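Enquirer: Okay, handing you the structure first.
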2 protein chains.
Amino acid sequence: MAANTGLATTEMVDEGRCCVPSGAPAMSAERAEALSRQFKAIADPNRLRLVSLISASAENEACVCDLTEPLELGQPTVSHHLKILVDAGILHREKRGVWAYFSIVPGALDALAGVLTEPK
Amino acid sequence: MAANTGLATTEMVDEGRCCVPSGAPAMSAERAEALSRQFKAIADPNRLRLVSLISASAENEACVCDLTEPLELGQPTVSHHLKILVDAGILHREKRGVWAYFSIVPGALDALAGVLTEPK
DNA sequence: CCCGCACATTGACAACCGTCGATATATCTC
DNA sequence: GAGATATATCGACGGTTGTCAATGTGCGGG
């Protein structure tokens, strides 16, 4: 068997070895997909401002007409952004009379923040 | 000047009043734009897995060939994603010999997480 | 000096995203 | 019920994004 004839196929493995997987498994593709949906929801300047406006608001809620003006966007566009944030589970929508009040889902942003801090 | 002739333009303001800005200013458009650039960088399932793989790696660094296989993506695509993360200030790139080692910029993810937790 | 390897860059293409104008829906008032 | 108001939805358009195949670049070994 030529016990250690030496330099057979393991000759240059000691130093320049790259491409050895870490052993620790990656985040699953499904979890990455789910998380990316939430991050995509806030990864837009206008939606970041929407969240900022709502959380800085007096009663921690705001209706569409409160948000249209400071963002300098049309009402359909603001409504579209709010729907994305609601679908992502970040905002809560409550209709009272003619108005729709949006508030931040408790813990939603903290959960996302936890994803970023946990690996470190 | 008709000091207070009364109900001039402020007649129906008492009850169903909506659309009153909160007073607290929104996040500035510039800051929102800058933050969205960083959030966009991680708001992709494959880039989330890249960050996860690197931070779970033994030496907290990995080269491209370590990352191509677990993501089942071509080498140019992985290189493209890594460049986006580097440009966003989330990853650090260090070339040693033929290989390029990527590591997470210390504090980068925590800074992003802070943006999400601070308003609450 | 030439070849192989790891990685970066380019160009192309389909899919998706943000925005708007127009229109639909729902609720309150008279 | 008619009209006004707040919001949602639709259709369209330009811009961006993720992916790949092909090619370029830089370093190390024989």
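Enquirer: Just to be sure I understand: if you take the accessible area of chain A alone plus chain B alone and subtract the pair, with a 1.4 Å probe, what total do you get in Å², rounded to 100? Spell out each step's value before the answer.
Expert: Numbers: alone 8780 and 8810 Å², together 13980 Å².
Chains A and B together bury roughly 3600 Å² of accessible area.
Enquirer: Give, as a single signed number, the net charge of other residues whose beta carbon lies under 12 Å from the beta carbon of residue A:100, with Lys and Arg counted +1 and Asp and Glu -1.
Expert: After counting each charged neighbour, the total is +1.
Enquirer: Let me ask something additional. Per residue, how much accessible surface does the stretch A:32-108 expose to a 1.4 Å probe? Answer in Å², no decimals.
Expert: Here the per-residue accessible area is 47 Å².
Enquirer: Carbon and sulfur together cover what percent of the accessible area of the stretch A:32-108 at a 1.4 Å probe radius? Let's see the in-between values first.
Expert: Values: 1840 of 3650 Å².
Carbon and sulfur: 50 percent of the exposed surface of the stretch A:32-108.
Enquirer: Which whole-Hz couplings ³J(HN,Hα) result when phi for each residue of the stretch A:49-66 is put into the Karplus expression 6.51 cos²θ - 1.76 cosθ + 1.60, θ = phi - 60°, listed in order with x for Gly and Pro?
Expert: 5, 4, 4, 4, 4, 5, 6, 8, 6, 4, 9, 6, 8, 7, 9, 4, 5, 6
The values are calculated or read from the model by the stated rules, or taken from the named source; none is laboratory data. Treat the numbers as computed from the prediction; the structure is a model and nothing was measured. Cβ sites come from the backbone with ideal geometry, for glycine too, and all protein chains shown count toward neighbours. What goes into the accessible areas is simple: the full protein's heavy atoms, side chains included, and nothing from ligands, DNA or RNA. Shrake-Rupley method; radii C 1.70, N 1.55, O 1.52, S 1.80 Å.
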